[in-house]
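Structure record follows, encoded as structure tokens.
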Amino acid sequence: MRKMLSAVIMIVCAVSLSSCLAKKPLEPVSQTAFVLDTVATITLYDYPEDSDPNEIINQSFGLCSEYEKKLSRTIETSDIYKINTANGQPVEVSDETIELIETAIKFSELTDGKFDITIAPVSSLWDFKAENPVPPSDEAIKNSLAHVGYKNIQINGNEISLADPEAALDLGGIGKGYIGDKVKEYLLNQGVTNAVIDLGGNLLVICPENQPERFGIQKPFYDYGVLMGAVESSGNSIVTSGVYERDFEYNGKLYHHLLDTSTGYPVENDLYSVVIIGPSSAYCDALSTSLFCLGTEKGLELINSMDGYEAIFINNKYETIFSNGINKTVPYLTGGQISNGVG
């Protein structure tokens, strides 16, 4: 339990907002709730004076729950659960589910399957929430890997089917980012001009373009507030994927939740975490997982080919490797330039 609690704190604090330079004419209003299987906080700093900020936040959390009911693989009424239990038969789903799955397929194609939402047969074997977690057997992983492959997903209008009846979808690598984008869109439609949406490691910010925010980059495996550095950005999403978010140690070996689609075991490379900065939280979510699984060299090739998105790789020597736009379009400050653990 102690390990799981620390992991939740790390997810929430993986990228922490340190300051937003926009004017704050109204008192900030903030609420925290447990949604999307994580601790989430929404804070409004500037909103229409004739609005009810608490009601706006309530509706925002309501949106989270609404989308979770469509996209969760464990809620029996969800689109994803219906697809996974349809034995390969077509299932009619919502426009949002189609949109998200099509986006996920795009990243599967970009990464040659390193990012793959059909990982569910394997990911379901790994129970990181168990009191005493253990790795699955080699045989179980081998059998489940036979059913992983994004090309099994077939889309016909609003119907989705899986060519392999034993295949299954898991949107954990992109769903939270997609939902964050929907919440941000709702806040903008309500006239909110300054806000922070923190969905447990997926951070989205609404702020004036000419007044950038500063974000502290958490140092992996260290206490909250010990930072690698900070980035300045306006109105972007920042998403982190790292080995310290969900993990356990067994027989002296660390096992984490970022799985290699070719082996069924946690990815083995020299990375501790990958931070993505960009306009779409769904894209940032998928990219953070994708780049971690690709590794630094191939990950840099992909991120440098994408307009508007940047990455920071942190390896196991606590070295930082940057995509081309860091310190050009996205300023980076080293840890020595940050006082009191915040930017």
So the check is Cβ under 8 Å with 6+ separation or different chains; which pairs have a first residue in the stretch 37-59 that's farther than 28 Å from I75 by Cα and a second one that's assigned to a helix (DSSP H, G or I) and open to solvent by less than 30 Å² (accessible area, probe 1.4 Å)? L44/P53; L44/I56; L44/I57; L44/L187; Y47/P53; Y47/I56
Filtering the stretch 267-283 down to residues that are of a type outside the set (F, W, Y) and open to solvent by 10 Å² or more (accessible area, probe 1.4 Å), which residue is nearest to G200 (Cα to Cα)? S280
Could you list all residues from the stretch 156-200 that are assigned to a loop (DSSP other than H, G, I, E, B), of a type in the set (V, I, T) and under 23 Å from V275 (Cα atoms)? I174
Condition set assigned to a loop (DSSP other than H, G, I, E, B) and over 19 Å from G173 (Cα atoms), scope the stretch 234-271, selection modelled with the lowest pLDDT: answer is S234
Which one of these is open to solvent by less than 30 Å² (accessible area, probe 1.4 Å) and not in a strand (DSSP E or B): L300, L291? L291
Answer with yes or no whether N236 is within 16 Å of the chain's Cα centre (by Cα), at negative phi and open to solvent by less than 40 Å² (accessible area, probe 1.4 Å). yes
For the stretch 176-193, indicate whether the set of residues that are out of contact with any Cys (no Cβ under 9 Å at 6 or more places or on another chain) and within 22 Å of V91 (Cα to Cα) is non-empty. yes
Quick one: in the stretch 185-199, of everything that is surrounded by fewer than 22 Cβ atoms within 10 Å (Cβ to Cβ), touching a residue at least 40 places away in the same chain (Cβ under 8 Å) and of a type outside the set (A, V, I, L, M, F, W, C), which residue is farthest from S65 (Cα to Cα)? T193
Residue by residue through the stretch 201-216, note down the ones that are assigned to a loop (DSSP other than H, G, I, E, B) and buried (at least 23 other Cβ atoms within 10 Å of the Cβ). G201
Checking Q89 against (1) among the polar types (S, T, N, Q); (2) crowded, with 20+ Cβ neighbours inside 10 Å; (3) under 15 Å from I155 (Cα atoms), which single condition isn't satisfied? (2)
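Quick grid of which residues meet (1) in a strand (DSSP E or B); (2) at pLDDT 95 or above; (3) surrounded by 16 or more Cβ atoms within 10 Å (Cβ to Cβ):
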position	(1), (2), (3)
M10	no, no, yes
S18	yes, no, yes
Y45	yes, no, yes
E49	no, no, no
I56	no, yes, yes
K69	no, yes, no
May I ask you to list the residues in the stretch 217-233 that are closer than 28 Å to L259 by Cβ, open to solvent by 10 Å² or more (accessible area, probe 1.4 Å), not β-branched (V, I, T) and not in a strand (DSSP E or B)? K219, F221, Y222, D223, Y224
Among (1) at pLDDT 95 or above; (2) over 30 Å from F248 (Cβ atoms); (3) in contact with a strand residue (DSSP E or B) (Cβ under 7 Å, 6 or more places away or on another chain) - the single one G191 does not satisfy: (3)
For the stretch 108-137, give me the residue count where each residue is more than 14 Å from F248 (Cβ to Cβ), in contact (Cβ under 8 Å) with a residue 24 or more places away in the chain and not in a helix (DSSP H, G or I). 6
Would you check if there is a residue in the stretch 84-107 being without any contact (Cβ under 8 Å) to a residue 24 or more places away in the chain and more than 18 Å from A286 (Cβ to Cβ)? yes
Out of T97, T103, sole residue that is open to solvent by 20 Å² or more (accessible area, probe 1.4 Å) and not in a loop (DSSP other than H, G, I, E, B): T103
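The values are calculated or read from the model by the stated rules, or taken from the named source; none is laboratory data. Computed from a prediction, not measured in an experiment: that's the story for all the values here. With ideal geometry, Cβ positions are generated from the backbone for all residues, glycine too; neighbour counts draw on all protein chains shown. Heavy atoms of the whole protein, side chains included, go into the accessibility calculation; ligands, DNA and RNA do not. Shrake-Rupley method; radii C 1.70, N 1.55, O 1.52, S 1.80 Å.
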